[in-house]
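Taking it in order: structure first as structure tokens, then the write-up.
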Protein chains: 2
Amino acid sequence: MEHEIKGVIRECDLAIKQEDFDALMDYYCEDAILVVKPGRIARGKQEIKDAFIKISQYFHNSLVPTQGEMLILEAGDTALVLSQTLLDAEQNEQGFSMDRRATYVFKKNSQGKWLCAIDNSYGTDLINTL
Amino acid sequence: MEHEIKGVIRECDLAIKQEDFDALMDYYCEDAILVVKPGRIARGKQEIKDAFIKISQYFHNSLVPTQGEMLILEAGDTALVLSQTLLDAEQNEQGFSMDRRATYVFKKNSQGKWLCAIDNSYGTDLINTL
């Protein structure tokens, strides 16, 4: 059976494609963080939503993320997702691959719903930018 | 100031070097998981301790892990650690680099202590093994 988190990530990718950032934020924890780019982090839903709006504009409203191979490591109410994240857009991000090995951390809330706590599409490549 | 988790990981590396696996287990959550190798996961403290004893034997009791560049992404009581993990031993692991880009997930417990929930020294390279 497909892991519930796979469905959540598919919904997130669809929300990004449709630029429905309110729907997107339903899948993030209140205190979630997003690595916008190396060295820049958005904290909390409002900053993350604003960042997604800017990211969308940067890609001329043409960004379509999809996931390739995905591995979910689950430990109690916490899960680490390792995912081949493919970004398709009219223009590429300067200096970074559009074919990434992303790392996402999800937490299960008290209603049993998986929410994204840490959204880092750059994966361990961030280490190279230190 | 150094992040508290850096100190925890240093203590863990020391405990592995000294083969003090009881001390090592103090830094893991009860329901933690360890990626022993691609496709094999140890769940819970007892399995993780047993796995570390076997790993230690595999490396002829000569395993010394150290960390190079490290990045800690913290979101509330959850943190994702991206770390250059260097494994030194008399023999290398067959088929896997001893210079890794590891992913560790830590959780802060009710006493404010950071504990390892997901220990995956293979990082996103696990995706390539699917």
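The values are calculated or read from the model by the stated rules, or taken from the named source; none is laboratory data. Just so it is clear, the structure is predicted and the values come from calculations on it, not from any experiment. Cβ coordinates were reconstructed from backbone atoms using ideal geometry, including for glycine residues, and neighbour counts include every protein chain displayed. Only protein heavy atoms, including side chains, enter the accessible area calculation; ligands, DNA and RNA are left aside. Shrake-Rupley method; radii C 1.70, N 1.55, O 1.52, S 1.80 Å.
List of remarks:
- Rolling a 1.4 Å probe over the protein chains gives B:Leu14 an accessible area of about 80 Å².
- Among the listed pairs A:Lys54/A:Lys108; A:Lys37/B:Lys113; A:Lys17/B:Lys37; A:Lys108/B:Lys113; B:Lys6/B:Lys49; A:Lys6/B:Lys113, those whose Cα-Cα separation exceeds 26 Å are A:Lys54/A:Lys108; A:Lys37/B:Lys113; A:Lys17/B:Lys37; A:Lys6/B:Lys113.
- Rounded to the nearest 20, the Cβ-based charge dipole of the protein assembly as shown about its Cα centre (Lys and Arg +1, Asp and Glu -1) stands at 20 debye.
- Taking every residue in B:39-47 and counting other chain Cβ atoms within 10 Å of its Cβ, the average works out to 1.
- Rounded to 5, percent antiparallel among DSSP beta bridges of the protein assembly as shown: 90
- Percent of C-alpha pairs per 5 Å bin in segment B:1-102, short distances first: 2, 11, 20, 27, 24, 11, 3, 1.
- GluC sites (Glu not before Pro) within segment A:8-108: DSSP coil, no more than 10 neighbouring Cβ in 10 Å: A:Glu90
- Lys, Arg +1 and Asp, Glu -1 on Cβ, resulting dipole of chain B about Cα centre, debye, nearest 20: 280
- Evaluated over the Cα positions of the protein assembly as shown, the convex hull gives a direction-averaged projected area, one quarter of its surface, of 13.9 nm².
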